Amino acid sequence: MKKHTLAPIACAIALVGFALATPAGAQTNLNNRTVLTFSQPVEVPGKVLPAGTYTFELNEAQANRHIVQIMDAGGTKVVALVLAVPNRRLQVTEDTVVRFAEVAPGQPQAMRAWFYPGQTVGQEMVYPKRRAQELATSANVIVPAVDDSFYDSATVDTMKTVDVVSVNPDRNTAAATQPAPVQPDVRTPPPPTPVTTTAAPVTQPETPATRDELPSTASPLPLIALFGFVTLALGLALRGLSTGRTTR
């Protein structure tokens with residue numbers, strides 16, 4: 001799978017170069033009505049919007065999916081109905097934020113998500129499965145999808161019950177009510193590096209060897225002296241006897 005990385009210039013163009021947003025009555029706008037002006041053609045699920053001004057608003061909201069109604073600049077004619085699922089962000093902004101998916105050169109920018117000012121929950125567009133797979137592969141992201149022919153006859157009622165799946169870059173699909181965020185706000189710290197500790201071997205105290213003989217407790221010098229004294233006395237006695245015999 002070939003992976004692409006958005007260059008800083010491409011990000012800047014995608015986020016702010018193609019759309020100018022003017023929320024109408026942000027404090028009392030229950031449907032999040034927003035006027036968006038695109039300087040170039042923009043792709044939404046099932047349709048390509050020519051450059052121009054459009055009115056975006058929520059037609060009806062449910063717990064796990066929203067229906068985005070796209071109308072003309074005056075908000076009187078419906079141009080497209082788009083199915084969306086919630087996309088959460090941690091930091092809110094005072095301006096409307098529109099995020100685009102990475103596309104091949106020469107193709108219209110594909111809208112991925114729309115965030116209304118002051119809200120943490122935005123709308124992530126649900127694309128036909130074939131197009132969702134192309135976007136997932138080119139941008140290395142997960143894209144929510146429906147059947148390829150769904151938008152040919154989609155209505156508000158069918159959008160409430162249609163099955164939504166998540167298309168992965170590796171071409172696997174899974175049922176999903178809410179896809180992964182477009183850009184995660186929190187990074188998971190890497191797991192701590194395991195530290196291996198080696199216990200020092202326990203040294204057993206040495207047991208003194210058992211001796212069969214008792215240790216010497218006195219010096220042999222007195223014994224030697226006694227032996228010498230006895231020998232000297234014996235010599236003197238023998239000498240005395242020898243002298244007595246000679247004098248007789």
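Only the coordinates and a few stated rules stand behind these numbers; no lab work does. Keep in mind the model is a prediction, meaning the values are calculated, not measured. A quick note on method: Cβ atoms are made from the backbone with ideal geometry, for glycine too, and the neighbour counts reach across all protein chains shown.
Could you check the spin-label model distance between Gln119 and Asn59? Points 7 Å from the Cα along Cα→Cβ, value in nm. My value for the distance between the label points is 1.6 nm. Summarising the amide proton neighbourhood of Val162: residues at separation of 5 or more, or on other chains, whose placed amide H is nearer than 5 Å comprise an empty set. Only residues of region 66-110 count here: report those whose backbone N is under 15 Å from the spot 7 Å along Cα→Cβ of Ala51, or say none. Answer for this model: 106-109.
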